[in-house]
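Before any comments, here is the structure.
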Amino acid sequence: MAEAYIVAAARTAGGRKGGRLAGWHPADLAAQVLDSIVARTNADPALIDDVIMGCVGQAGEQATNIARNAVLASKLPESVPGTSVDRQCGSSQQAIHFAAQAVMSGFQDVVIAAGVESMSRVPMGLPAALPAKHGFGFYKSPNMEARYPGVQFSQFPGAEMVAKKYGLTKDELDQFSFESHQKAAAATKAGAFKNEIVPVQVTLEDGTKAMHETDEGIRYDASLEGIRGVKLLQEGGVLTAASASQICDGASGVMICNEKGLKALGVKPLARIHHMYVMGHDPVIMLEAPVPATNKALEKAGMKIGDIDLFEVNEAFASVPVAWLKGTGADPARLNVNGGAIALGHPLGGSGAKLMATLVHALHNRGKRYGLQTMCEGGGLANVTIVERL
């Protein structure tokens, strides 16, 4: 079987809700990343066999196959197809898996896996809420209700359940959140994100033009005292808005090819996809899945947690990566070394490829070999991807 290689990985800098990227239509924003991915490889656009794009809020401006619409908004020729993926927050990580599987099979040779989410323009939950509001039903079926009577599947109580199960305190979650901002601020100041970010032109409030190339959500003046003072999301809980990921606009992309694709493109790979895994888990606690998924993926890959040099675990809520550390025995110093979604933002379907761009570049910047990425996903799911820097 052929190998799957990453030859380019890029993302936009995150935009806060109603912030610098709010003026961009998501198809156009995603197109910016597609064009950058092609430019970075100097590839003949006609060689791209497919674009697979993750997106959670597939409604409104993100409806009607956002992947194809992004292709049509880009410089890519009409001959390049596109398809959209929804595995909730792991949508673009799953897009990476699908792209890798396609090139490993030999069915395709060059595929772009991407993701986009404009949470300013398509609010979270809109694809389910809008039809329900207008009498077109809700996703929870009678059979689901019979299996999970009275259960309202939600990430918020799920995050608290994870914290309770792993004995996490508010103090340690606040500390983790504070450190996320510290690491993100330090990484930005050191230029750690420079090679992965696609600059995007934006219009400021005063009408002037500027290039958006710095993550907008980082709080450079964050203090532990300030984070500790934020109101609890749930009475009796341990999580606050400060220990949850930031609503974010953003797009990301990864070009993946096999040996034949490498030769056709004339490029050198950045990384090789070493192993991929996806797991279904308890949909009620929902966000715990990265723990058993990571342990199972390592077992199937014949690796131990200590073999991995860097980890990217999405900070949907601080309880997720902190529980993951306890459940896997991973070294905290190797986790989210440049900060995570608490500081950098979580553009839902765009986060999978976003984290991969950060992971691949961090491996190169630090001269490390293996990286592992995982994230919690609605429905009690988790993808795991292990990559080797080349």
Please specify each residue of the range 101-126 satisfying the condition of being modelled with pLDDT under 95 and either surrounded by 22 or more Cβ atoms within 10 Å (Cβ to Cβ) or in a helix (DSSP H, G or I) (or both). Leu126
Considering only residues that are closer than 29 Å to Gly18 by Cα and exposed (fewer than 10 other Cβ atoms within 10 Å of the Cβ), which ones fall in the range 139-161? Gln152
In the range 27-37, is there at least one residue being free of Cβ contacts under 8 Å to residues at least 40 places away in the same chain and surrounded by fewer than 24 Cβ atoms within 10 Å (Cβ to Cβ)? no
Looking only at the range 337-390, count how many residues are touching a residue at least 40 places away in the same chain (Cβ under 8 Å) and not in a helix (DSSP H, G or I). 30
Are there helices (runs of 4 or more DSSP H) fully within the range 249-331 with at least 2 residues that are over 30 Å from Asp171 (Cβ atoms) and among the basic types (Lys, Arg)? List them. 259-265, 290-301
Of the residues Leu335, Leu390, Leu344, Leu355, only one is hydrophobic (A, V, I, L, M, F, W, C), in contact with a Pro (Cβ under 7 Å, 6 or more places away or on another chain) and under 15 Å from Ala184 (Cβ atoms); which? Leu335
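Looking at Asp307, Asp282 in this structure, which one is in contact with a strand residue (DSSP E or B) (Cβ under 8 Å, 6 or more places away or on another chain) and farther than 22 Å from Ser177 by Cα? Write out each step before concluding.
Working: Asp282 fails: in contact with a strand residue (DSSP E or B) (Cβ under 8 Å, 6 or more places away or on another chain).
Result of the check over Asp307, Asp282: Asp307.
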What are the residue pairs meeting all of these: first residue in the range 185-204, first residue under 17 Å from Gly340 (Cβ atoms), second residue of a type outside the set (S, T, N, Q) and assigned to a strand (DSSP E or B), Cβ atoms under 6 Å, and 6 or more apart or on different chains? Glu196/Ala10; Glu196/Arg11
Do the conditions hold for Met119, that is, is it of a type in the set (A, V, I, L, M), in contact with a strand residue (DSSP E or B) (Cβ under 8 Å, 6 or more places away or on another chain) and closer than 30 Å to Arg228 by Cβ? yes
Just wondering, is there one or more residues in the range 213-220 that are polar (S, T, N, Q), in a loop (DSSP other than H, G, I, E, B), within 19 Å of the chain's Cα centre (by Cα) and on the phi < 0 side of the Ramachandran plot? yes
Can you name the number of the only condition in (1) in a strand (DSSP E or B); (2) touching a residue at least 60 places away in the same chain (Cβ under 8 Å) that Ser84 fails? (2)
Qualifying positions in the range 69-97 - surrounded by fewer than 24 Cβ atoms within 10 Å (Cβ to Cβ) and of a type outside the set (S, T, N, Q): Leu72, Ala73, Lys75, Leu76, Pro77, Glu78, Val80, Pro81, Gly82, Asp86
So which of Ala129, Ala95 is assigned to a helix (DSSP H, G or I), modelled with pLDDT under 95, among the small types (Gly, Ala, Ser) and out of contact with any Lys or Arg (no Cβ under 6 Å at 6 or more places or on another chain)? Ala129
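I'd like the full set of residues that are of a type in the set (Gly, Ala, Ser) and more than 10 Å from the chain's Cα centre (by Cα), limited to the range 341-364.
Listed by number, the residues that qualify are Ala343, Ala362.
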Restricting the search to the range 161-202, which residues are charged (D, E, K, R) and touching a His at 6+ places or on another chain (Cβ under 7 Å)? Glu196
Which one of these is of a type in the set (Val, Ile, Thr) and surrounded by fewer than 19 Cβ atoms within 10 Å (Cβ to Cβ): Val291, Val320, Val284? Val284
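Go through Lys133, Lys209, Lys140 for me and flag whichever is farther than 24 Å from Glu61 by Cα and not polar (S, T, N, Q).
On the way: Lys133 fails: farther than 24 Å from Glu61 by Cα; Lys209 fails: farther than 24 Å from Glu61 by Cα.
Exactly one of Lys133, Lys209, Lys140 is farther than 24 Å from Glu61 by Cα and not polar (S, T, N, Q), namely Lys140.
Could you tell me which of the residues Arg40, Arg20 is part of a helix (DSSP H, G or I) and in contact (Cβ under 8 Å) with a residue 24 or more places away in the chain?
Checking each option against the conditions leaves just Arg40.
The values are calculated or read from the model by the stated rules, or taken from the named source; none is laboratory data. This one's a predicted model, so the numbers in the text were calculated from it and none came from an experiment. Neighbour counts run over all protein chains shown; Cβ positions are idealised from the backbone, glycine included.
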